[in-house]
Amino acid sequence: MFKLASWNVNSLTIRLEHVLTWLETMDIDVLALQETKMIDEKFPLATFAERGYHVVYSGQKTYNGVAVISRHPITDVMTDIPDFSDPQRRILAVTVGGVRLVNLYVPNGASVGSDKYEYKLNWLDKIKSFLDQQLITYPELAVVGDFNIAPDDRDVHDPVEWEGSVLVSPLERQAFSNLLELGLHDSYRLFTQEEGAFSWWDYRAAGFRRNRGLRIDLILLSHQLHKKCTGSHIDKIPRKWERPSDHAPVWVDLQLS
DNA sequence: ATGGTGGTCTTACCA
């Protein structure tokens, strides 16, 4: 069994012990991180290396930042996509275990109609073109990360309250749908799941205790790869730990040949 | 109850 995971850690400095504990207890093969919030010079390379992990990272000060932690060697690393110059560190594409992995920290978008919202939609359009190219080269493709989009109302604790808001707005959902139309599957919906399953809960107003959450952390799989997927999960347990990330880790089980 | 919490070279900003 090959376990591929994704986790928005909201600062790897604060969450390093959580990440190490979770990797070991869950026996994760590959973990994509978002919001590491650290420059590359500060990445805890030795901490992972001495535990036998391979790591790649693309970070910046204070904001954003993506990384991949792996039990297997990592090759063909990309931190930027063609024809899109962006100082924000949100993309990390790698090859590991024969799988092409694209790790994304999709922009939040702030509020519908804002400059950040326009940036988000444009960013998603650029990503779509990139993934279209990647699928040609790499039929076994996984696109994972914090999408900052709840794909449909099942992924929202209160769809009426959230209607039209950023993270659920029609244009964002259309942009997400456009990614699926390239030939990708939302792995979580390949299996029967309980209702009210989310991956992010606002720190404010006791969001987690009241399960006021959204499912925005996703693992998308190409046709070739989804045939090898035997499970897709959200682990809420780390959200209950002391000083948690506001996101839960998610993972898929893959039967790689 | 139009707030609340959490992270960051913080006193503003992002989420």
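Somewhere in the stretch A:121-141, is a residue small (Gly, Ala, Ser) and within 14 Å of DNA strand B (Cβ to nearest atom)?
The answer is no, given that none of the residues of the stretch A:121-141 is small (Gly, Ala, Ser) and within 14 Å of DNA strand B (Cβ to nearest atom).
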Item to check | Wholly within the stretch A:1-102, strands (runs of 3 or more DSSP E) carrying at least 2 residues that are in contact with a Pro (Cβ under 7 Å, 6 or more places away or on another chain) and surrounded by 15 or more Cβ atoms within 10 Å (Cβ to Cβ) | outcome: A:2-8
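Check the stretch A:113-125 and report whether any residue there is free of Cβ contacts under 8 Å to residues at least 60 places away in the same chain and touching a strand residue (DSSP E or B) at 6+ places or on another chain (Cβ under 7 Å). Working first, answer last.
Looking only at the stretch A:113-125, we keep the residues that are free of Cβ contacts under 8 Å to residues at least 60 places away in the same chain, and these are A:113-125.
Now narrow it down to the ones that are touching a strand residue (DSSP E or B) at 6+ places or on another chain (Cβ under 7 Å): none.
No, the stretch A:113-125 has no match at all.
Quick check, is residue A:218 in contact (Cβ under 8 Å) with a residue 24 or more places away in the chain, under 22 Å from residue A:182 (Cβ atoms) and away from DNA strand B (no atom under 16 Å from the Cβ)?
Working: in contact (Cβ under 8 Å) with a residue 24 or more places away in the chain: yes; under 22 Å from residue A:182 (Cβ atoms): yes; away from DNA strand B (no atom under 16 Å from the Cβ): no.
Against the criterion (in contact (Cβ under 8 Å) with a residue 24 or more places away in the chain, under 22 Å from residue A:182 (Cβ atoms) and away from DNA strand B (no atom under 16 Å from the Cβ)), residue A:218 does not qualify.
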Checklist outcome for this item: Subset of the stretch A:171-191, residues outside any loop (DSSP other than H, G, I, E, B) and farther than 23 Å from residue A:255 by Cβ, comes to A:171, A:172, A:173, A:174, A:175, A:176, A:177, A:178, A:179
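I need the full set of residues from the stretch A:221-248 which are among the polar types (S, T, N, Q) and either in contact with a helix residue (DSSP H, G or I) (Cβ under 7 Å, 6 or more places away or on another chain) or within 16 Å of DNA strand B (Cβ to nearest atom) (or both), in order please. Don't jump to the end; show me each part of the working.
Initial filter on the stretch A:221-248 (among the polar types (S, T, N, Q)): A:222, A:224, A:230, A:232, A:245.
Within the stretch A:221-248, A:222, A:232, A:245 qualify.
Among the listed residues A:81, A:14, which satisfies the condition of being away from DNA strand B (no atom under 13 Å from the Cβ) and either closer than 24 Å to residue A:248 by Cβ or not acidic (Asp, Glu) (or both)? If you could, list the steps in order and put the result at the bottom.
Working: A:14 fails: away from DNA strand B (no atom under 13 Å from the Cβ).
Selected residue: A:81, the only one of A:81, A:14 that is away from DNA strand B (no atom under 13 Å from the Cβ) and either closer than 24 Å to residue A:248 by Cβ or not acidic (Asp, Glu) (or both).
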Checklist outcome for this item: Among the residues of the stretch A:142-161, the number that are surrounded by fewer than 21 Cβ atoms within 10 Å (Cβ to Cβ), of a type in the set (D, E, K, R) and within 16 Å of DNA strand B (Cβ to nearest atom) is 2
Checklist entry - Failed condition for residue A:168, given (1) outside any helix (DSSP H, G or I); (2) of a type outside the set (Ser, Thr, Tyr); (3) surrounded by fewer than 21 Cβ atoms within 10 Å (Cβ to Cβ), with all others met? => result (3)
Checklist entry - How do the pairs read when you match residues in the stretch A:53-67 that are closer than 14 Å to residue A:9 by Cβ with residues anywhere that are more than 14 Å from DNA strand B (Cβ to nearest atom) and not in a strand (DSSP E or B), using Cβ under 8 Å and keeping only pairs 6 or more apart or on different chains? => result A:55/A:45; A:55/A:48; A:55/A:49
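When the residues of the stretch A:118-137 are narrowed to those that are more than 19 Å from the chain's Cα centre (by Cα) and not hydrophobic (A, V, I, L, M, F, W, C), which ends up nearest to residue A:34 (Cα to Cα)?
Taking the stretch A:118-137 and keeping what is more than 19 Å from the chain's Cα centre (by Cα), we get A:118, A:133, A:136-137.
Now restrict to residues that are not hydrophobic (A, V, I, L, M, F, W, C): A:118, A:133, A:137.
Numbers: A:118: 21, A:133: 23, A:137: 25 Å.
Here the residue is A:118.
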Next on the checklist: Among the residues of the stretch A:192-250, what is the count of those that are in a helix (DSSP H, G or I), surrounded by fewer than 19 Cβ atoms within 10 Å (Cβ to Cβ) and among the hydrophobic types (A, V, I, L, M, F, W, C)?
Outcome noted: 3
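Every number here is computed from the coordinates shown, using simple stated rules; none is lab data. Everything numeric in this text was worked out from a predicted model, so none of it was measured. As a convention, Cβ positions derive from the backbone with ideal geometry for all residues, glycine included, and neighbour counts pool all protein chains shown.
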